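As structure tokens, the structure follows; a few thoughts come after it.
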Amino acid sequence: MNFTKRTRNVLTAAAIYVVFVLFLRFSGSGMGWWMALAVGLVATPLALWMTWLRQRYTERAREFGRRHGPSA
């Protein structure tokens, strides 16, 4: 299946949200469904942002390494 980038992003965000909610609900923390859904709404964008930030720093580190690598 060939999805567009936007469709892949939406499906990824939905999958992360479902995993967060299920984990929070059944992790033994005593959290109810409504609270797990609410916390999932906060945690999902945070996880996506952290992933984006990690990729950006990795790209910048590679670029820095190319520019300032060991001079032989």
Computed over the chain: longest principal axis from alpha-carbon atoms vs helix 5-26 long axis, angle to nearest 10 degrees, is 50 degrees
Before anything else, pin down the relative contact order of the chain: Cα pairs under 8 Å, at least 6 apart, normalised by residue count, whole percent. 27 percent
Given R₀ = 30 Å, FRET efficiency for ALA38-PHE3 by Cβ-Cβ distance, to 0.05? 0.55
Taking H placed 1.01 Å from N in the peptide plane, check which residues at least 5 places from MET31 or on another chain put their amide H under 5 Å from its amide H. none
Longest principal axis of the chain (C-alpha) makes with the long axis of helix 33-67 (C-alpha) an angle, in degrees to the nearest 10, of 10 degrees
What size of dipole, in debye to the nearest 20, comes out for the chain about its Cα centre when the only charges are +1 on Lys and Arg C-beta atoms and -1 on Asp and Glu C-beta atoms? 340 debye
Could you tell me which label, among (1) 1.17; (2) 1.22; (3) 0.97, carries the value of Rg/Rh (Cα atoms, Kirkwood Rh) calculated for this structure? (2)
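Values quoted throughout were computed directly from the atomic coordinates according to the rules given, and no laboratory measurement underlies them. Here the structure is a predicted model, which means the values were calculated and not measured. Every residue, glycine as well, gets a Cβ built from its backbone with ideal geometry; the counts of neighbours run over all protein chains shown.
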